[in-house]
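First the structure, in the form of structure tokens, and then the observations on it.
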Amino acid sequence: MKNISDIISQAEEYSRELPPLPANCGALVQPVARYLDSALHKPEATPEDVRKLCAEALQWNIAGVYTNPVYLPLVADLLKNSTITVGSIAGFPLGGFLTKTKVFEAITYIEMGASEIDMVLSVGQLKAGEYQAVLDDITAVADAVHSKGKIIKVILETSLLTRDEKIIACLLAQAGKADFVKTSTGFSSAGATVEDVDLMRRVVGTTMKVKASAGIHTLEKTLALIHAGADRLGTSKAALISADAEKLKVGIDG
């Protein structure tokens, strides 16, 4: 694992000049629906809402379904004979949870049927420059998730971060062995932007994947984020976007 001084030095270098985008970045290599995670995190979401979400995911063969943890057994059952991943969230939406709480959440949700966990970075500690604490937090959750053979994403909450903070957050997630960096929870002041996805992709290169999330309501924005380097996109409009892609015959060749 890189030490903090090395991470800070790399962040300072990237602050001066970001690396180029990886070769072939942004090419549309699968159907649009397979980039989408269908998300439903409203506190008032009901089991019937979740059943509808899963039915739409099955109809369009969407990549993944994310719900509040209480519905994980229902989602896992509804999607059990499909290729659609089941995801849930740890330390959500604020990030300022004890590491042991995030680890407990992650393991519990995996045992309930989740194959992917999105954890929220400790934003306040990052902004305070407490980088070792942030790295230790990410590493502990990533180790726990990987011990179960599952995927871990780190939500940066980019709307609350400066450009330099976004760079070091990506590098800390990379050093902590996360699989993805992700833009947003959807509960803060703004969601995914093309500029943030471009920056995140340049920082992590091909060593990690990038997930854009929040504020993604149209096919146009979906394609713009994919072309900027997003591997996955979290949206509450996955069925609508998938239908528009089919209607306009937007496929692997764009």
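List the residue pairs whose Cβ atoms are under 7 Å apart, where the first residue sits in region 123-149 and is under 14 Å from L172 (Cα atoms) and open to solvent by less than 70 Å² (accessible area, probe 1.4 Å), the second is among the small types (G, A, S) and part of a helix (DSSP H, G or I), and the two are 6 or more positions apart or on different chains. From residues that are under 14 Å from L172 (Cα atoms) and open to solvent by less than 70 Å² (accessible area, probe 1.4 Å), the pairs are Q125/A133; L126/A169; L135/A175; I138/A173; V141/A106.
In region 104-119, of all residues being crowded, with 21+ Cβ neighbours inside 10 Å and over 14 Å from the mean Cα position of the chain (by Cα), the one that is nearest to N61 (Cα to Cα) corresponds to A114.
Residue count for region 200-215 under the criterion of being more than 13 Å from the chain's Cα centre (by Cα) and either farther than 17 Å from K153 by Cβ or part of a loop (DSSP other than H, G, I, E, B) (or both): the result is 5. Examine region 160-176 for a residue that is surrounded by fewer than 24 Cβ atoms within 10 Å (Cβ to Cβ), in a helix (DSSP H, G or I), in contact with a Ser or Thr (Cβ under 9 Å, 6 or more places away or on another chain) and polar (S, T, N, Q), and state whether such a residue exists. Among the residues of region 160-176, at least one is surrounded by fewer than 24 Cβ atoms within 10 Å (Cβ to Cβ), in a helix (DSSP H, G or I), in contact with a Ser or Thr (Cβ under 9 Å, 6 or more places away or on another chain) and polar (S, T, N, Q), which makes the answer yes. Within region 77-91, being under 22 Å from A142 (Cβ atoms) and surrounded by fewer than 21 Cβ atoms within 10 Å (Cβ to Cβ) holds for one residue alone: T85.
For region 39-87, a residue qualifies if it is among the hydroxyl-bearing types (S, T, Y) and either assigned to a loop (DSSP other than H, G, I, E, B) or touching a Lys or Arg at 6+ places or on another chain (Cβ under 8 Å) (or both), and the qualifying residues are T46, S82, T83.
Whenever a residue of region 42-71 is more than 18 Å from G234 (Cβ to Cβ) and touching a residue at least 24 places away in the same chain (Cβ under 8 Å), its partners that are part of a helix (DSSP H, G or I) and open to solvent by less than 30 Å² (accessible area, probe 1.4 Å), lying with C-beta atoms within less than 8 angstrom and at least six residues away or across chains, give the pairs Q59/A239. State all residues of region 187-209 that are under 27 Å from K148 (Cα atoms) and either crowded, with 20+ Cβ neighbours inside 10 Å or free of Cβ contacts under 8 Å to residues at least 12 places away in the same chain (or both); if no residue qualifies, say none. Within region 187-209, M200, R201, V204, M208 meet the criteria.
For region 1-38, taking the residues that are assigned to a loop (DSSP other than H, G, I, E, B) and of a type in the set (S, T, N, Q), the one that is nearest to the chain's Cα centre (by Cα) is identified as Q30. Here A239, A212 are screened, and the one residue that is within 18 Å of T85 (Cβ to Cβ), surrounded by 23 or more Cβ atoms within 10 Å (Cβ to Cβ) and in contact with a helix residue (DSSP H, G or I) (Cβ under 9 Å, 6 or more places away or on another chain) is A212.
The values are calculated or read from the model by the stated rules, or taken from the named source; none is laboratory data. As the structure is a computational prediction, the values presented were derived from the model and not from experiment. Note: ideal-geometry Cβ built from the backbone for every residue, glycine included; neighbour counts use all protein chains shown. To get the accessible areas, we keep the full protein, side chains included, count just its heavy atoms, and leave off ligands, DNA and RNA. Shrake-Rupley method; radii C 1.70, N 1.55, O 1.52, S 1.80 Å.
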